[in-house]
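Student: Have a look at this one before I ask anything.
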Amino acid sequence: MKKALVTGITGQDGYFLTKLLLEKDYEVHGIVRRNSQNSLGNLESLNESDLQNVNIHWGDITDNLFIDTVISKIKPEEIYHLAAQSFVGFSFENPKFTYDVNISGTLNIINAVKEYSSTSKLYFAATSELFGKVQEIPQKETTPFYPRSPYGVSKLAGFWSIKNYRESYDLFMSNGILFNHESEMRGPEFVTRKITLAVAKISKGIQDCLELGNLDAKRDWGYAKDYVEGMWRILQHDAADDFVLSTNETHSVREFVELAFKFAGIEIEWEGSGINEIGKDVKTGKILVKVNPAFFRPAEVDILIGDHTKASSKLGWEPKTKFEDLVKIMIEKDLERITRNNM
Ligand code: NAP
Ligand code: G4F
């Protein structure tokens, strides 16, 4: 039985990756940081028998003694390093914290592999945020990087640390340059989930209006379940390398909002522009969407659209879920949750 260690196992990707690894009969180990509720985050949505098969190690990736101990004890065949301060907006307010977790924490993992488990294959969760102020459309592995946030800068340090250790010490360390991927397990502060939660509540009459920042931002949005399959394939490849995973399509925040309302049975129309733009219910004329400058970022990534040709040809990976289906999955799940909780 192969052993896999997952950092960030309580997050969105950790949930889907754990399910995939258990299906593939891995012995799954996960790192969970302590919280006052003793909560296992998204893992609590696993069925009971799956949850019992996950070996939890309580600790923080910024604690190098803890990381050394866990990695030297388990010596996993595969390590998926997903743990991060992953919210771009928060990274502008808390750059030091973001660097501590995303740079020092990543260095702790990489160095522990080198010192105590050099045959482990390591996956690092790099990101399309590395492309930032894009230098080429679409973006692929050879596109120059230009990060636009403390988060992006921190992930750039992780990306190059992986490459540097790979080349210096002949270790199997790969970067997954993943474009945005969302799901019903997405954290509520990210724009897709913020939208589907609000639209579900508005359609049930328990929220009046949705306030957003930049409606023009464009992202290449895929489904997280498809992307964890890509992570796994990256570590099954015969050599360590760097791969873009994307859908090769881009859509604006505005389009996401329109579609989410449509799936909740509400047609909206837009009026005005800039910070005065509003979205109105076509039937009732009620204002359902407003722009709030508080949600704008000091520097924006205007457009992301990937090219996953390399992952297709070398790994046989393809995203399966289309944009419309992703929005539908998310809104249906939030409608169901809200109805169930009678909120
Ligand atoms: P997420 O839902 O925010 O999950 C982040 C995970 O990291 C959570 O389990 C969190 O634990 C854990 N974590 C944070 N700080 C930690 C620390 N100091 N010690 C231990 N664990 C810590 O993120 P995600 O969407 O699943 O993304 C997974 C990874 O892929 C992240 O590195 C992210 O930056 C990267 N990425 C994501 C996307 C995307 O679109 N989703 C795209 C490209 C790259 P808590 O539950 O305790 O907070
Ligand atoms: O959903 P977001 O916060 O995701 P963002 O910044 O693209 O980052 C996500 O994807 C990255 C991969 O490209 C990951 F590396 C990262 O960890 C994370 O998972 O924002 C998406 C867009 C931005 O342009 C933002 O300005 O939506 C815009 N937006 C407009 N109004 C908003 C809002 N974003 C948020 N979170 N909240 C708003 O009200």
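The values are calculated or read from the model by the stated rules, or taken from the named source; none is laboratory data. All of these numbers come straight from a predicted model, not from anything done at the bench. Every residue, glycine among them, receives a Cβ derived from its backbone with ideal geometry; neighbour counts consider all protein chains shown. Side chains are part of the model used for accessible areas, which takes the heavy atoms of the whole protein and leaves out ligands, DNA and RNA. Shrake-Rupley method; radii C 1.70, N 1.55, O 1.52, S 1.80 Å.
Student: Tell me, yes or no, whether region 226-233 has at least one residue that is within 11 Å of ligand 2 (Cβ to nearest atom), in the same structural domain as residue 10 (by TED's automatic domain parsing) and either under 20 Å from the mean Cα position of the chain (by Cα) or open to solvent by less than 40 Å² (accessible area, probe 1.4 Å) (or both). Show your work before the answer.
Tutor: Going through region 226-233, the residues within 11 Å of ligand 2 (Cβ to nearest atom) turn out to be 227.
Those left that are additionally in the same structural domain as residue 10 (by TED's automatic domain parsing): 227.
Okay, now just the ones that are also either under 20 Å from the mean Cα position of the chain (by Cα) or open to solvent by less than 40 Å² (accessible area, probe 1.4 Å) (or both), so 227.
Yes, some residue in region 226-233 is within 11 Å of ligand 2 (Cβ to nearest atom), in the same structural domain as residue 10 (by TED's automatic domain parsing) and either under 20 Å from the mean Cα position of the chain (by Cα) or open to solvent by less than 40 Å² (accessible area, probe 1.4 Å) (or both).
Student: If I go through region 120-147 residue by residue, how many of them are more than 21 Å from residue 108 (Cβ to Cβ), under 17 Å from the mean Cα position of the chain (by Cα) and either among the polar types (S, T, N, Q) or not in a helix (DSSP H, G or I) (or both)?
Tutor: 4
Student: Would you please list the contacts, defined by Cβ atoms under 8 Å and residues six or more apart or on different chains, that run from a residue in region 34-54 that is assigned to a helix (DSSP H, G or I) and among the polar types (S, T, N, Q) to a residue that is open to solvent by 40 Å² or more (accessible area, probe 1.4 Å) and within 9 Å of ligand 1 (Cβ to nearest atom)?
Tutor: Cβ pairs passing all conditions: 42/10.
Student: Could you please find all residues in region 316-329 being open to solvent by less than 30 Å² (accessible area, probe 1.4 Å) and in contact with a Leu (Cβ under 9 Å, 6 or more places away or on another chain)?
Tutor: Correct list: 317, 323, 327.
Student: Could you tell me which residue of region 234-283 is surrounded by the most Cβ atoms within 10 Å (Cβ to Cβ), considering only residues that are under 30 Å from residue 21 (Cβ atoms), aliphatic (A, V, I, L, M) and in contact with a strand residue (DSSP E or B) (Cβ under 8 Å, 6 or more places away or on another chain)?
Tutor: My answer is 245.
Student: Still on this model: Please determine, by comparing only the residues of region 201-225 that are among the hydrophobic types (A, V, I, L, M, F, W, C), outside the structural domain of residue 166 (by TED's automatic domain parsing) and not in a loop (DSSP other than H, G, I, E, B), which one is farthest from ligand 1 (Cβ to nearest atom).
Tutor: 202
Student: Can you tell me which residues in region 1-41 are over 19 Å from residue 105 (Cα atoms) and acidic (Asp, Glu)?
Tutor: Scanning region 1-41 gives 23, 25, 27.
Student: So which residues in region 157-199 are within 14 Å of ligand 2 (Cβ to nearest atom), without any contact (Cβ under 8 Å) to a residue 40 or more places away in the chain and open to solvent by 40 Å² or more (accessible area, probe 1.4 Å), if there are any at all?
Tutor: Residues satisfying the conditions are 188, 194.
Student: Here's a follow-up. Kindly indicate whether any position in region 286-304 is among the polar types (S, T, N, Q) and more than 30 Å from residue 233 (Cβ to Cβ).
Tutor: yes
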